[in-house]
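Enquirer: Take a look at this one; I'll ask things after.
The values are calculated or read from the model by the stated rules, or taken from the named source; none is laboratory data. In this text the structure is predicted, and so the values were computed from the model without any measurement. Ideal geometry is used to build each Cβ from the backbone, glycine not excepted, and the neighbour counts take in all protein chains shown. Heavy atoms of the whole protein, side chains included, go into the accessibility calculation; ligands, DNA and RNA do not. Shrake-Rupley method; radii C 1.70, N 1.55, O 1.52, S 1.80 Å.
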Amino acid sequence: MPAKLICRMDNKDYISGTLRVGDLNGDGAPELLFVRNIRSTREIACLTAVDIYGNVIWQNEVLPGGGPECFCDLPVQIYDWDGDGRNEVLWVEQAEYLEFTAYSYNPSDKPIVMRDISEIRGNNNYYVESAELYGKPAVMHVLDGAVGHEKYAFPIPLPADDSFLFANLTGGQSRRDLIVKDRYDNIWGLNRQGEVLWKWSGSTGHYPAIADVDGDGMDEVFTGFALTDHDGKTLWKTEVGQWIHADATYITQLNGEFRLFFGNHGVHCMGLDGREIWKTEMDEAQHVLAGCFQPYLGPVQVAVLERGQIKKTTDVYKYDSGDIYYGQGRAPSVLRLLDWDGKEIWSREQPAGSWAAGARVVNWIGEPNARQILVTARGENPAAVYDGYGNIINKLGSESMVPADTLGAAADVYGDSRDEIVLTDGAVCEIYANTDPCPVPSLYNYTLYMGM
């Protein structure tokens, strides 16, 4: 299946591993928003809006020294927040950290208690996820998507600087409220004025999933080990130990039945009542995706990417930064496809060095009832598109990209009813299109006389 490189951006100081896709200038076509950050502190440093050919539309630098690498999600989104038909850019300025603990990437090192955030900025041997003592609260900034100018800003709860998503918590026709969270412990529901509606504490997971699962017109929040109503009330909750969290969450529906999926040390399929319908044991199910990948098996299957683990060669683990974070001594990831009832259909081990691979659903072929799976960060191998039968139908990425560092996004930037694939390794960004003919409906009973 032919794929064409339609754009390449390199030698640009704005390219990052974190990007968002959306129409920023109101022309009906998507643009790209690159987000640079201070890696050790997770602070957003620079936002750059470009068209799909790399031409800069606007750039806002809010902190010096930002770089392309990030070890977590970043709190920035593109959305029509005020309902005027044009998208805004929303991003969170981190709360003031007055006293905090910095952790080393080497688990054998002792954590360091610090009181000056400037001392840890730029030191990529350590990372900071929260503070013991805060000063100024976090701030949500709302920018005009077309020009990058700030329209307004409002404070949000102190530690809520990890990630956020839009939800319908108060009723109405669209998602005009916010879910904000800290790294692992707390979630807040906010209305569009930034007022706190509720706070929920528990194992938050990396990023919640939302859906109106009870039919009241408002969204429930699924964090893996809990389901929360739109008003913050806990519908059910499973007690977990410290540091236990869901790496991925997904909500889907089949024949009127909602199922809640999440991954950690396995793939869990939950009912709305908190009952575990099935579980498939795995070391670390880092990415869980539900969709129709193989139509002959029904409208929903579950794709999961199992993260590669440290190879244990002795009775005692030997930790070092290379073993854990640079892929040496770690097993490769494995891509698996499960059916609706949790039975494995196929598995595909990824190449060596792919322990931290990523997966996304992509509409690469343009079939109305089937989707494909994009797998990135495949060690020394380029990104790959898998069909629902476990076959690689395309490999993407030029020789100048670093395959192990490559992340991907999927969006229909050309308006051809199929997704294009955007790859970035933090230094180079490339956009690929499927140039295979796209199926279109036949013109039945076509005639010159258009009044028929």
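Enquirer: Go through (1) closer than 17 Å to Asn37 by Cβ; (2) in contact (Cβ under 8 Å) with a residue 60 or more places away in the chain; (3) not acidic (Asp, Glu) one by one and return the number of the condition Ser118 breaks.
Expert: Ser118 satisfies every listed condition except (2).
Enquirer: Any chance you could count how many residues in the range 415-452 are without any contact (Cβ under 8 Å) to a residue 24 or more places away in the chain and open to solvent by 50 Å² or more (accessible area, probe 1.4 Å)?
Expert: Of the residues in the range 415-452, 13 are without any contact (Cβ under 8 Å) to a residue 24 or more places away in the chain and open to solvent by 50 Å² or more (accessible area, probe 1.4 Å).
Enquirer: Looking at the range 200-239, which of the residues that are hydrophobic (A, V, I, L, M, F, W, C), part of a strand (DSSP E or B) and within 23 Å of Pro159 (Cβ to Cβ) is nearest to the chain's Cα centre (by Cα)?
Expert: Among them, the one singled out is Ala209.
Enquirer: Now for a different question. Hey, among Leu260, Leu197, Leu289, which residue is assigned to a strand (DSSP E or B) and more than 25 Å from Ala370 (Cα to Cα)?
Expert: Leu197
Enquirer: Being more than 15 Å from Gly122 (Cα to Cα) and in contact (Cβ under 8 Å) with a residue 40 or more places away in the chain is the filter here; which residues of the range 35-56 pass it?
Expert: Val35, Leu47, Ala49, Val50, Ile52, Tyr53, Gly54, Val56
Enquirer: Within the range 45-63, is there a residue that is at pLDDT below 95, more than 28 Å from Val385 (Cβ to Cβ) and of a type outside the set (A, V, I, L, M, F, W, C)?
Expert: Within the range 45-63 (the criterion being at pLDDT below 95, more than 28 Å from Val385 (Cβ to Cβ) and of a type outside the set (A, V, I, L, M, F, W, C)), the answer is no, since none of the residues qualifies.
Enquirer: Quick one: would you say Ile345 is under 22 Å from Pro437 (Cβ atoms) and either over 22 Å from the mean Cα position of the chain (by Cα) or open to solvent by 10 Å² or more (accessible area, probe 1.4 Å) (or both)?
Expert: no
Enquirer: Any residue at all in the range 248-264 that is open to solvent by less than 20 Å² (accessible area, probe 1.4 Å), farther than 27 Å from Ala138 by Cβ, of a type in the set (Gly, Ala, Ser) and at pLDDT 95 or above?
Expert: No, that holds for no residue.
Enquirer: Then there's this: Condition first: among the acidic types (Asp, Glu) and at pLDDT 95 or above. Now tell me which residues in the range 411-424 satisfy that.
Expert: Answer for the range 411-424, where residues must be among the acidic types (Asp, Glu) and at pLDDT 95 or above: Asp419, Glu420.
Enquirer: Further question on the same structure: Step by step: first the residues of the range 370-399, then only those that are open to solvent by 60 Å² or more (accessible area, probe 1.4 Å) and modelled with pLDDT under 95, then the one that is farthest from Gln301 (Cα to Cα). Which residue is that?
Expert: It comes out as Glu399.
Enquirer: Please pick out the residue among Ala427, Ala384, Ala370 that is among the aliphatic types (A, V, I, L, M) and closer than 23 Å to Asp13 by Cα.
Expert: Every option except Ala427 fails the conditions.
Enquirer: Write out, first by first residue and then by second, each pair whose Cβ atoms fall under 7 Å of each other, whose residues are 6+ apart or on separate chains, and whose first residue, in the range 199-214, is within 17 Å of His268 (Cα to Cα) and open to solvent by less than 10 Å² (accessible area, probe 1.4 Å) while the second is among the basic types (Lys, Arg) and outside any strand (DSSP E or B).
Expert: The qualifying pairs do not exist here.
Enquirer: Can you list the strands (runs of 3 or more DSSP E) found entirely within the range 42-161 that contain at least 3 residues being surrounded by fewer than 16 Cβ atoms within 10 Å (Cβ to Cβ)?
Expert: 56-61, 97-104, 150-156
Enquirer: Are any residues in the range 20-41 open to solvent by 20 Å² or more (accessible area, probe 1.4 Å), in a strand (DSSP E or B) and either over 16 Å from Val413 (Cα atoms) or touching a Ser or Thr at 6+ places or on another chain (Cβ under 6 Å) (or both), and if so, which ones?
Expert: If the condition is that a residue be open to solvent by 20 Å² or more (accessible area, probe 1.4 Å), in a strand (DSSP E or B) and either over 16 Å from Val413 (Cα atoms) or touching a Ser or Thr at 6+ places or on another chain (Cβ under 6 Å) (or both), then Arg36 is the only one that fits.
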